[in-house]
1. Which of the helices (runs of 4 or more DSSP H) contained wholly in segment 131-235 include at least 2 residues that are more than 23 Å from A379 (Cα to Cα) and within 16 Å of ligand 1 (Cβ to nearest atom)?
2. Among the residues of segment 99-114, how many are touching a residue at least 24 places away in the same chain (Cβ under 8 Å) and loosely packed, with under 14 Cβ neighbours inside 10 Å?
3. Of everything in segment 423-476, what is β-branched (V, I, T) and under 21 Å from L518 (Cα atoms)? Give them in sequence order.
4. Quick check: is even one residue across segment 74-83 part of a strand (DSSP E or B), surrounded by fewer than 22 Cβ atoms within 10 Å (Cβ to Cβ) and at pLDDT 95 or above?
5. With the requirement that a residue be under 22 Å from C496 (Cβ atoms) and either polar (S, T, N, Q) or open to solvent by 40 Å² or more (accessible area, probe 1.4 Å) (or both), what does segment 280-314 give you?
6. May I ask you to list the residues in segment 318-341 that are surrounded by fewer than 19 Cβ atoms within 10 Å (Cβ to Cβ) and of a type outside the set (A, V, I, L, M)?
7. Pairs only if they're at least six apart or on different chains, beta carbon under 6 angstrom, first in segment 179-201 and away from ligand 3 (no atom under 16 Å from the Cβ), second open to solvent by less than 10 Å² (accessible area, probe 1.4 Å); list them, first residue then second.
8. Identify all residues within segment 376-387 that are under 25 Å from N498 (Cα atoms) and either surrounded by fewer than 19 Cβ atoms within 10 Å (Cβ to Cβ) or over 25 Å from the mean Cα position of the chain (by Cα) (or both); write none if there are none.
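The values are calculated or read from the model by the stated rules, or taken from the named source; none is laboratory data. Being a predicted model, the structure only gives us computed values, none of them experimental. Don't worry about glycine lacking a Cβ; one is built from the backbone with ideal geometry, like all the others, and counts go over all protein chains shown. SASA here: full protein model, heavy atoms, side chains in, ligands and nucleic acids out. Shrake-Rupley method; radii C 1.70, N 1.55, O 1.52, S 1.80 Å.
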Amino acid sequence: MVNLKINGIAVSVPEGSTILQAAKLANVRIPTLCYLKDVQCVGSCRLCLVEATGARGLVAACVYPVSEGMEVRTNTPRVRRSRKTTIELILSTHKKKCLSCVRSMNCELQKLALEYNAEEDRFGTDHDLKPIDDLSASVVRDNSKCIMCTRCVAACEHQTIGAIGPKNRGYSKVIGSPYDVSLAFTPCVNCGQCVVACPVGALYEKSAVAEVWGAIVDPSKKVVFYTAPSVRATLGEAFGLPVGTNVEGRMVTAIKQLGDVECFNMDITADLTIMEEATELLSRLENGNPTPMFTSCCPGWVKFLEHYYPQYIPNLSTCKSPQEMFSAVLKTYYCRKNGINPDDLFVVSVIPCTAKKFEVSREELGGYTDAALTTRELAKMIKEAGIDFANLSESEYDLPFGDASGAGAIFGATGGVMEAALRTAAVKLGGDGAPLEFKEVRGTEGVKEAEYTLGGTTVKIAVASGLGNARKVLDAIKSGEKDYAFVEIMACPGGCVNGGGQPYVHDEVRNNVDLKTLRAQALYDYDGERNIRRSHETPAVEMLYNEFFGSPNSAKAHKLLHTKYSKREKY
Ligand code: SF4
Ligand code: SF4
Ligand code: SF4
């Protein structure tokens, strides 16, 4: 251990720790911009400069190691002057459209500028407006607001994609894609991890808010919303509620207050996915079709496979994602049952994800979803409508797509799809007394493996989240080192609870709070409280098979709930 003092506070930290890590233990806040826990630590923005004995000049706390007897000062006039000047220099090249910016009141630069009394025009305003890249179906890039922190670049590198990176040198440096092409023409998988890493309004999702408001006030349209499993565990953060608060009841009330709309529960088609996927897996095992079977509910992962491992496309489950299953059910079964012309039904999914915006545009999925809103966009609509979210009463989802299983809800966390599948498979293969919880697949480690014997059948499984981890699993399968029956992969580290459409969280929270674990815990707690915890017991799923699909993997189910993917020749 190394003993040092920070602003006079004695603290003892393991050798090799940085000043920033020691400051955290001493409860001293040091501002950061380019540093982001688990994503990037490069010491380039110079906001975390401090005075430290033994150092020549100010040092960057995020990278500077502690030493025995060191005395650190984080709040001297020299430190404050340096930080203020750095912020003012950043502001001199920043497009200051703060009143209308998507990050206004939630911008890390804006917050620091206020804290350090930075003058926005001290060094004049010296920048050329750069073109906005909005050709991608999911992510918009506005380089005039970019402050060159490179957090987005690091996030994309963790995903092993590298669709964006620094170009040119010195003052001409910008973030962009190779050969100056739009993000739309790169292998970007639309995961949005760059968006949630960005401290300012330089990256944001392609908004569907205006389109949804338009449908709500259009008398010729009937509007239905459905919400993805993880949204209940994250939406509250946009209204100041603690990380990991389940706001399902308030969320449903708020959606119904947006206009004359119905609100359904996407956990039901998560349950439907399990019915279809489990049947497909058993059929693959019996008929010798390619295994391991990979889950297909994450559109970021599906696009990654199409680009980088097309040889494994036959291993991908043919099931559509829960989003695309729900929209197909609504535009067919629901419309028919209620005498609605499908053209008059406007289907809005609320999702944690920017990749699902891209998914909506995929022709092979049938075009059943009219608009996909991220959790952030739903929060924006609720704020625009003047709804006092924190004090809302709770409502239930509308019928017939209200009640679902806890298994459907845990789809929002890494390992959740696998656990849901195992719950149903255990009953199908083992009968009564089958286990309900499979805790080996829970938790936020990037790769998890387990082996289960269910009713005499032994299955080896793996779960990966984050595409860097997906690559490790695929390479191990490719080399013959690993052999699994079933593999769950989610593109975002930690799964959808950490999706690219989830509420923005400032670095000072992200660096100190385990978002993924707290959000996932909210889903596991919710699951634990449900009466129904297995997908095949969900009444709406039974209803859909009895009244419409017949049985899992039937011809009708194949037509509406399954699809085919192919190698991407172009982006
Ligand atoms: S959306 Fe994902 S893949 Fe695309 S640029 Fe951002 S981090 Fe990279
Ligand atoms: S786009 Fe955002 S995250 Fe990327 S370098 Fe610019 S400011 Fe940083
Ligand atoms: S893990 Fe979830 S949020 Fe992330 S890309 Fe996949 S489906 Fe979207």
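1. Fully inside segment 131-235 and qualifying: 151-158.
2. Matching residues across segment 99-114 total 1.
3. If the condition is that a residue be β-branched (V, I, T) and under 21 Å from L518 (Cα atoms), then V441, T444, V447, V463 are the ones that fit.
4. Quick first cut of segment 74-83, residues part of a strand (DSSP E or B) only: none.
No, segment 74-83 contains no residue that is part of a strand (DSSP E or B), surrounded by fewer than 22 Cβ atoms within 10 Å (Cβ to Cβ) and at pLDDT 95 or above.
5. T295, S296, Y308
6. The answer is T318, T332, Y333, C335, R336, K337, N338, G339, N341.
7. Pairs that qualify, where the first residue is away from ligand 3 (no atom under 16 Å from the Cβ) and the partner is open to solvent by less than 10 Å² (accessible area, probe 1.4 Å), are A184/S136; T186/A163; T186/S177; P199/L33; P199/E108; V200/R103; V200/L109; G201/R103.
8. Residues satisfying the conditions are K380, K383, E384.
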